[in-house]
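Read through the structure below, which is laid out as structure tokens, and then see the notes.
The values are calculated or read from the model by the stated rules, or taken from the named source; none is laboratory data. All values reported here derive from a predicted model rather than from experimental measurement. Because the Cβ atoms are built from the backbone with ideal geometry, glycine has one as well, and the counts that use them run over all protein chains shown.
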Amino acid sequence: MLKKIYDRIVLWSVAKFFPWLVVVGARRSHMSHNSGVAGRGQLRIVDNPEFPAHDFFQPGREFTIRVRHAAVGWYDDAMLIVRSMSVKFADTNYKSPFDLEMNTGRITFFWNALSFLRFVSVREADRGDDYLKYYQKYHRGLLGARSGLRRLPDSVESLYYYSQTPYIWESTDGTRYYVKFRGIPGDRRPESGMPDPRDISTPEALHDQRVLAGGDPPSMTYSKDEFRERCAKGDGTRYILQIQLHRIQPGEDDAQILNSNYEWDEKTHPWMDLAKIHATEAFDYAESNNHYFWVGHVPQGIQIPPAKSIRDPNSLLYMRKRVWPAFYMRWLLTKIFGLPPEIREKTRDLRKDLSDPAYDLMPDQLASENK
């Protein structure tokens, strides 16, 4: 009993402390997905669902939504990086009935709050080669990196994005499931941007996420530019939102079913179409950075599983739900000082030799040099 109480106190303390650490580090920036572009579109729940009836996801129901694509951790779209897609089931900056955040990769780099803190603590510098110690020590973290990193995808539309961490889905008849979400290309084509096997063969090879030497890499903002160009032409981008379900069986479920570092078997947990998405309008830099996606925005019938300790797989969502102080601080600092300067292409020198100290410049410094 004492250990359970101790574990809960530690979990609560970490969840309370971490957001303020983020506040100090992030300032006016996003917490990790800084280099992004957002837009507006439509989402329609499929007419003939294969999934159990749900009060929120009713057949044919439509939403005007906002979508945001970002590169995770870095400002250069040409790097070997995780890519993200966030969907807000409302045309608002913050409030919505459901916010869904997804990243490339079927599994995560970390599997609970403790492993996440270890992951962020080993970052050595802002150079794109920071996580070698973590990959060497934690094999499951290495597998997560191999699963999620992408290099030079041809479009934000041609990637597969996964929620990775399970939620609870309660169907209309009261049956409870664990659920995972993913977004795939609207035409179901194979995923692009898969790294060369040599890129991810060893921890030493994989930890260097920098732009490949030689040649003429595309713009630092090519993914965002491509999204804006597609919307300007009237094509936009199309996706299919899918779900996996696992019926909850208390006392019988495998211990790894909630672990985001493990996949569910698609033979026993097939992906089912949930909705179709069509993003049609791209926002400018300012409007793209006025968004706040929060995992605490969930509808009736979707829940975040309870967590018991920092070693509990559910502690990832537990901690993410409590980062709202960082949103308010970013909003306040932006109101006072304005948005951070937009990241723009600097020079090819920055791109061709990423061992140069210039690569350590923060966004404000880069923007000031571009003036």
**OP:** Kindly provide the set of residues from the range 115-130 that are loosely packed, with under 15 Cβ neighbours inside 10 Å, aliphatic (A, V, I, L, M) and modelled with pLDDT of 65 or more, ordered by number.
**Re:** none
Original post:
In this structure, is Arg311 out of contact with any Cys (no Cβ under 9 Å at 6 or more places or on another chain), within 16 Å of Ser86 (Cα to Cα) and either crowded, with 16+ Cβ neighbours inside 10 Å or not acidic (Asp, Glu) (or both)?
Top reply: no
Original post:
What are the residues in the range 212-256 that are at pLDDT 95 or above and within 30 Å of Arg176 (Cβ to Cβ), if any?
Top reply: Tyr239, Ile240, Leu241, Gln242, Ile243, Gln244, Leu245, His246, Arg247, Ile248
Original post:
Hey, Gln209 hits all of (1) modelled with pLDDT of 80 or more; (2) closer than 30 Å to His297 by Cβ but one; which does it fall short on?
Top reply: (2)
Original post:
If you go through the range 314-342 one residue at a time, how many are among the hydrophobic types (A, V, I, L, M, F, W, C), closer than 30 Å to Leu258 by Cα and either surrounded by fewer than 21 Cβ atoms within 10 Å (Cβ to Cβ) or at pLDDT 75 or above (or both)?
Top reply: 6
**OP:** May I ask you to verify whether Pro153 is under 28 Å from Leu132 (Cα atoms) and either modelled with pLDDT under 95 or among the basic types (Lys, Arg) (or both)?
**Re:** no
Original post:
If only one of Gly215, Gly234 is under 30 Å from Ile45 (Cα atoms) and either touching a Lys or Arg at 6+ places or on another chain (Cβ under 9 Å) or loosely packed, with under 13 Cβ neighbours inside 10 Å (or both), which one is it?
Top reply: Gly234
Original post:
What is the residue count in the range 280-305 for residues that are under 20 Å from Phe227 (Cβ atoms), under 18 Å from the mean Cα position of the chain (by Cα) and either among the hydrophobic types (A, V, I, L, M, F, W, C) or modelled with pLDDT of 95 or more (or both)?
Top reply: 1
**OP:** Only residues that are of a type outside the set (A, V, I, L, M, F, W, C), surrounded by fewer than 16 Cβ atoms within 10 Å (Cβ to Cβ) and not in a loop (DSSP other than H, G, I, E, B): list them for the range 259-275, please.
**Re:** none
**OP:** Residues being part of a loop (DSSP other than H, G, I, E, B) and in contact (Cβ under 8 Å) with a residue 12 or more places away in the chain: count how many of those fall in the range 46-73.
**Re:** 17
**OP:** State whether the residues of the range 257-271 include one that is over 27 Å from Ser115 (Cβ atoms) and in contact (Cβ under 8 Å) with a residue 40 or more places away in the chain.
**Re:** no
**OP:** Find the residue count for the range 228-286, including only residues that are closer than 21 Å to Ile304 by Cβ and among the hydrophobic types (A, V, I, L, M, F, W, C).
**Re:** 10
Original post:
Hey, does the range 229-237 have a residue that's farther than 30 Å from Ile302 by Cβ, in contact with a Gly (Cβ under 8 Å, 6 or more places away or on another chain) and not small (Gly, Ala, Ser)?
Top reply: yes
**OP:** Scan the range 203-255 for residues that are without any contact (Cβ under 8 Å) to a residue 24 or more places away in the chain and either aliphatic (A, V, I, L, M) or part of a helix (DSSP H, G or I) (or both) and report the count.
**Re:** 5
